[in-house]
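Accompanying notes for the structure given below.
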Amino acid sequence: MFRLDTLFLERNRFNRDRYRFDISIEVGEATVYRVLPIPSGFVVQRYGTAQHVLIELLYNSGMRIGEIRSLDIHDLISETNELLIRHRPEEGTRLKNGEDDDGTPGDGERNISLKAAVVEALEQYIGTLRTEVTDEFSREPLFTTVYGRASRSTLRRWVYEATSCRWADEDETEVTCDGTCDPDSAVCPYSYYPHAIRRGAIVNHLSGDLPYGKASERFDVSIPILKRHYDPRLKETRKQDREDAVRNAWSEF
């Protein structure tokens, strides 16, 4: 099963009083990233639940919470491990950047690949624990409640609950919550905001040498924004990467 143990991400803890996130720690020129674990207890006890597959999907896809809300079960193409992200404003779900058919990076509509393990977890959820309802447009949403398509606030609450202190490992030394919180009704100070997971997903892909152009298409983010806000490598490292790429290109002549 795919795990989030390898996610390098700014901690970005939730500040309940100010309803914002703390500033990331800077060491010299580098931003310190830490591993975001998804505790084994959560995976074992909640495998295939909406909360579990939501976290898996957020990290693997790097999608926005509004994009995830827009998904229908038929947007998952299991045979090819593919997910279709579509702009359907006339049916109640709108993408941030809307519909654009010119094929340029940044189009709101796109198809993205998923890890096979994530598709497996999604299939488990759809086949067993998903509430079988349709929305007012007779669509079959991927994430549902007894009332229909899950709202953005519901999806956020599921993320908060899944990353709360309730699931912290016993040896976790950075738990800032005293354990008296109720993630079902309030945000645990230890929880992650959905965008922090999206950011971690983008950072992880870039750290794995996904080219800017491909990352721009996958995450629906412009290349300048990727370079400015998401690339965790130091400027000197980027310079060395460019020099290595140029030398490799020379070998072709």
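Values in this text are rule-based calculations from the coordinates and carry no lab data. What you see is a predicted model; the values in this text were computed from it and never measured. Cβ sites come from the backbone with ideal geometry, for glycine too, and all protein chains shown count toward neighbours.
Details
- Interchain or long-range residues, amide H under 5 Å from Gly48's placed H: Val53
- Dmax and Rg, reported as Rg then Dmax, of the stretch 180-230 (C-alpha, Å): 14.7, 45
- Theoretical gain in end-to-end length, Glu82 to Lys96 [0.36 nm per residue, Cα-Cα removed]: 3.0 nm
- Phi-based couplings in Hz for the stretch 123-133 (Karplus 6.51, -1.76, 1.60; Gly and Pro marked x): 5, 4, 4, 4, x, 10, 10, 5, 6, 7, 9
- For Lys239, a cut-off of 22 angstrom between C-alpha atoms picks up these lysines, skipping any fewer than 8 places away in its own chain: Lys214, Lys227.
- Cβ crowding within 10 Å ranks Ser222, Ser164 as Ser222, Ser164, fewest other Cβ atoms first.
- Exposure proxy ranking for Ile65, Ile197, based on other Cβ atoms within 10 angstrom of each Cβ and starting from the fewest, stands as Ile65, Ile197.
- Cβ-defined net charge surrounding Arg130, 11 Å radius [Lys, Arg +1; Asp, Glu -1]: -3
- If you take all other residues with their beta carbon under 13 Å from the beta carbon of Thr145, and give Lys and Arg +1 and Asp and Glu -1, the sum is +3.
- Count Lys and Arg as plus one, Asp and Glu as minus one, and take only other residues whose Cβ is under 10 Å from that of Arg198; the net charge is then +1.
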